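See structure below.
The values are calculated or read from the model by the stated rules, or taken from the named source; none is laboratory data. No experiment lies behind these values; they were computed from the predicted model shown. Here the Cβ positions follow ideal geometry from the backbone for every residue, glycine too, while neighbour counts run over all protein chains shown.
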Amino acid sequence: MCAAIVGSMRILFLNTSGVISDREAKPMGRWIDRNPLGEDIETENLRISREHSVLVFRSGSLALPHHTWGQAGHQAMERWLERLRSEFLRRDASENSGGPTRVMIRPNHADVLSDPQRCLAFARQEQHGLLLALDPVGLLAPTMLDQAEDHLSRALQVAEYAPLLGAIILSHVDLAQAGGAVASSLDARRVSPRLLRPFVEVARSREIPLMIARESPVHVPDESGLWAALGLGREV
């Protein structure tokens, strides 16, 4: 496995604890699974060392979906993103601390960044260093699962062409179809690894991190089937 986050694909894990780690469980950063538009997030507590310099946040949602996806949601998200730029990117640059923290935004079907078009627009318009952490399955609402392959093909275009793509996140992988144990019986949103292999290839070709979300603390006894199904034999 590669020793650096940039310059080649590296496999990382988003754990239920909020820690982003490598396969040896070395902490590499934090994933903050909280709604920044609905609650206050104390970003000061997230100052992390230069070795653990990846932070992943949500774009957030408002109380009502039509507010989230309308002008009010966009404006609220922009205020949140400006706070991240100010508190992490600009301050890091001004402190000359060895390079900026990599701050990424993870989309979700219920948040402001809710579909491939919005993700692509964000990646094209951002000019201050925020990155997109594309979660293809996270963009699928439960009602979209019957047409998952079609919807994922649109997300794949974002993965292939979006600038400022900081990582690809693989979530809700159907471990049963990969020869392993299902991580959580409570989560019916499972997608075949076959549909996610193109995203692995994009991460490899674009030399960006591939983050695998562990949605349950339940131990998976044998992940080798998952690696093979995703085409990750060379990296793990």
Yes or no: L84 at pLDDT 85 or above and under 23 Å from A213 (Cβ atoms)? yes
Assess whether G129 counts as being modelled with pLDDT of 90 or more, touching a helix residue (DSSP H, G or I) at 6+ places or on another chain (Cβ under 8 Å), within 21 Å of I20 (Cα to Cα) and of a type in the set (G, A, S). yes
Those residues of region 109-120 which are part of a helix (DSSP H, G or I) and surrounded by 16 or more Cβ atoms within 10 Å (Cβ to Cβ) amount to P116, R118, C119, L120
Cβ contacts < 6 Å: first residue in a loop (DSSP other than H, G, I, E, B), restricted to region 1-19; second residue of a type in the set (A, V, I, L, M, F, W, C) and at pLDDT 85 or above, any location; separation 6+ or different chain. Result? M9/A203; M9/L210; G18/W31
Would you please name the residue that is surrounded by the fewest Cβ atoms within 10 Å (Cβ to Cβ), looking only at residues in region 151-180 that are modelled with pLDDT of 90 or more and of a type in the set (G, A, S)? S153
Checking A3 against (1) loosely packed, with under 12 Cβ neighbours inside 10 Å; (2) at pLDDT 90 or above; (3) under 21 Å from R204 (Cα atoms), which single condition isn't satisfied? (2)
Between A148, A123, A183, which is more than 27 Å from R23 (Cβ to Cβ), buried (at least 16 other Cβ atoms within 10 Å of the Cβ) and at pLDDT below 95? A148
If you take the residues in region 217-235 that are closer than 28 Å to I32 by Cβ and surrounded by 14 or more Cβ atoms within 10 Å (Cβ to Cβ), which one is modelled with the lowest pLDDT? V220
Within region 94-101, can one find any residue that is β-branched (V, I, T), at pLDDT 95 or above and part of a loop (DSSP other than H, G, I, E, B)? no
Selection from region 136-145 of residues within 20 Å of L62 (Cα to Cα) and surrounded by 15 or more Cβ atoms within 10 Å (Cβ to Cβ) yields G138, L139, L140
Among the residues of region 123-147 satisfying the criterion of being part of a helix (DSSP H, G or I) and touching a strand residue (DSSP E or B) at 6+ places or on another chain (Cβ under 6 Å), which is nearest to M77 (Cα to Cα)? A123
